[in-house]
Amino acid sequence: MRIGALEAGGTKMVCAVGDENGKINERVTFPTKTPATTMPDIFAWFQEREIEALGIGCFGPLDLNKKSLKYGHITSTPKVSWRDFDIVGYFNDLDIPVGFDTDVNASCLGEAAWGCTKDVDSSIYITVGTGIGVGIMVENRLLHGLTHPEAGHILVSRAPNDDYPGVCPYHREPFFCLEGMASGPAITGRWGLSGDELKNRPEVWGLEAFYLSQALMNYIVTLSPKRIVLGGGVMKQKQLFPLIREKTVALINGYVPLPDPEFFIVPPALGDDQGIMGAIKLALIQTQTNLP
């Protein structure tokens, strides 16, 4: 089966053709400009490859309610030219099933289908990069509700002696959110250098772990995941993992029995392919449920 996959990001659009085993046979990348300049090239690329289904993992916020008139639309994104864009409807002329979810839910699904969480039925995938997003799998189903999870915006306590105001325009003093305090731009804003330039500064990563471990503690007691995956550009700093594990265990403080932290809080197994592979799985699910 020829399956199309689109990982629609804020800076680039990754397009691929794969099969039902998650194998990627071909891929190409287009810069994310405006819908009028970016989407025709993407449509033509998929059309030429005669795909049988398409999965889209997309930056958001999104309308994922299939009963909504705006299902398939990108909604209140900061990328103004993409607001209210019907990205699912754009592919109607292909006349194939189209699966659709957030980019981070697609990454969560990719790891669940073929990666480090395929042996558990409940997991979360957290991407820590330009923003912080959380994909949630509960009993083998991606979590949706009023909208999709926006768990990168949970509130966190500010560290003692940290006077950084945060980068999130929605959550400022006296309340600070995780993305505002621990995303890549927050690191750069606080320290004046990029993460790569700060890799030998232990105080940077101790503070980062302080915020991320608060989030993990909250996710553990509310979502009860059986494994937590931490990905994204910031988590390329591998020294973060032992710090986050140690601080998370300390915050739980024995209240919830945890598995071995080295197998409970883990990096992705699929490298940087979990998002595009998750989009393949979204397409497969849409095909199997036979929902146009």
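The values are calculated or read from the model by the stated rules, or taken from the named source; none is laboratory data. Nothing here was measured: the structure is a model prediction, and the numbers come from that model. Counting neighbours? That spans all protein chains shown, and the Cβs are built from the backbone with ideal geometry, glycine included. Just the protein is used for accessible areas: all its heavy atoms, side chains included, with ligands, DNA and RNA removed. Shrake-Rupley method; radii C 1.70, N 1.55, O 1.52, S 1.80 Å.
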Say we join alpha carbon atoms closer than 10 Å with springs in a Gaussian network model of the chain; which of 243, 251, 62 then has the biggest fluctuation?
251
By accessible area (1.4 Å), largest first, 90, 164 order as 90, 164
Using the crude model of +1 on Lys and Arg Cβ and -1 on Asp and Glu Cβ, and no other charge, please compute the dipole size for the chain relative to its Cα centre, in debye to 20.
400 debye
Round to the nearest 0.05 the FRET efficiency obtained for residue 48 and residue 155 when R0 = 45 Å and r is the Cβ-Cβ distance.
0.45
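Add -39500 (n - 2.57) for each DSSP H run of 4 or more in the chain, then divide by its residues: what number comes out at 222 nm, to the nearest 500 deg cm²/dmol? Before the final figure, lay out each step's value.
Details: 8 runs with 94 residues, N = 292.
Helix contribution divided over all residues of the chain: -10000 deg cm²/dmol.
Once you list every other residue whose beta carbon is under 11 Å from the beta carbon of residue 245, what net charge do they have if Lys and Arg are +1 and Asp and Glu are -1? Each step should come with its number before you reach the end.
Details: positive: 247; negative: 246, 260, 262.
It works out to a net charge of -2.
Within the chain, what percent of beta bridges assigned by DSSP are antiparallel, to the nearest 5?
On the way: 25 of 43 bridges.
The answer is about 60 percent antiparallel.
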Could you tell me the center-to-center distance, by alpha carbons, between the stretch 251-275 and the stretch 166-238 in angstrom?
16 Å
Can you pull the three principal axis extents for the Cα set of the stretch 17-123, in Å, largest first?
41, 31, 27
For the pair residue 146/residue 1, report the inter-label distance in nm, with labels modelled 7 Å from Cα in the Cβ direction.
3.5 nm
Please build a GNM for the chain, connecting alpha carbons under 10 Å apart, and tell me which residue among 55, 99, 189 fluctuates the most.
189
Ordered by residue, what ³J(HN,Hα) values in Hz, to whole numbers, does the stretch 66-82 give under the Karplus form 6.51 cos²θ - 1.76 cosθ + 1.60, where θ = phi - 60° and Gly and Pro are x?
5, 8, 7, 5, 9, 4, x, 8, 7, 9, 8, 5, x, 7, 4, 5, 9
Return the Rg/Rh value of the chain, two decimal places, where both radii are evaluated on C-alpha atoms and Rh is the Kirkwood radius.
0.97
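Rounded, prolate or oblate: which fits the stretch 222-292, taking a ≥ b ≥ c as square roots of the Cα gyration tensor eigenvalues, rounded meaning a/c under 1.5, else prolate when a/b beats b/c? It would help to have the intermediate numbers written out before the result.
Details: a/c = 3.78, a/b = 1.77, b/c = 2.14.
Because a/c hits 1.5 or more and a/b fails to exceed b/c, the stretch 222-292 counts as oblate.
Local charge sum around residue 50 (other residues, Cβ-Cβ under 13 Å, Lys/Arg +1, Asp/Glu -1)? Don't skip to the end; give the middle numbers.
On the way: positive: 2, 49; negative: 26, 48, 52, 95.
Combined, the nearby Lys, Arg, Asp and Glu give -2.
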Overall Cα dimensions of the stretch 116-204 - principal axes, largest extent first, Å
41, 31, 21
FRET efficiency (residue 262, residue 172; Cβ distance; R0 41 Å; to 0.05) is 0.70
